[in-house]
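To start, the structure itself, in structure tokens.
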Amino acid sequence: MEFKTFVFYFFSAILVFAGLRVITSRNPVHAALFLVLAFFSAAGVWMLLQAEFLAIALILIYVGAVMVLFLFVVMLLDINLDRLREGFWSYLPLGSIIALLMVAEMGLVLGGNYLGLLESNVPQATAEVSNVQAIARLIFTEYVYPFELASVILLVGIIAAVALTQREKRKNKAVSPSQQVFVKAKDRVRVLQMPAAKRD
């Protein structure tokens, strides 16, 4: 078995396992950690295909954004943060295992490239066009309708998230200036006379 094939199957196995754990894990923190691992493994597969732009975009956007998304979910669901912080150290073993797997994946890709075990010349569509230009041309020509549909779906998701946070009617603290003009001091301030309390 070639080294590149071994690395591909290694990444694919981790990706399938992490994807299954995302949907089967009952703990939201564990699910988010497995989702990060799945994105990282998918980025490794993109690196094997020499699609560096997609790999870096997957790591920067999705791996970075999923933690922000998780924080928003925690805030929207009104989870007790003190109770969540109490079990912080219980997530350390799983987080350490996922971090070690990520380091192993990076070592396989970077070490394979450095030692020349991976293919260095994958045939490209055209030699003078970079990956970014080829992807942009495909997105905005052949796949413009799915691209626009994805943007509409994301917009609907944003509106739904805002609507869910505004479900309860909040009290309006705005003050009407016309009501303030006609206020009299005797209506607002009342002086009470109370008998002095004596200690026994």
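Quick look at the values:
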item: Stretchable slack from S178 to A57, in nm (0.36 nm times residue separation minus alpha-carbon distance); result: 38.1 nm
item: Peptide ranges 42-49, 146-153 listed from the most packed, as the mean C-beta count within 10 angstrom indicates; result: 42-49, 146-153
item: R188, R137, R21, ranked by accessible area, largest first (probe 1.4 Å); result: R188, R137, R21
item: Heavy-atom accessible area per residue - the range 1-75, 1.4 Å, Å²; result: 58
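The values are calculated or read from the model by the stated rules, or taken from the named source; none is laboratory data. Computed from a prediction, not measured in an experiment: that's the story for all the values here. Glycine also receives a Cβ, built like all others from the backbone with ideal geometry; neighbour counts cover every protein chain displayed. SASA here: full protein model, heavy atoms, side chains in, ligands and nucleic acids out. Shrake-Rupley method; radii C 1.70, N 1.55, O 1.52, S 1.80 Å.
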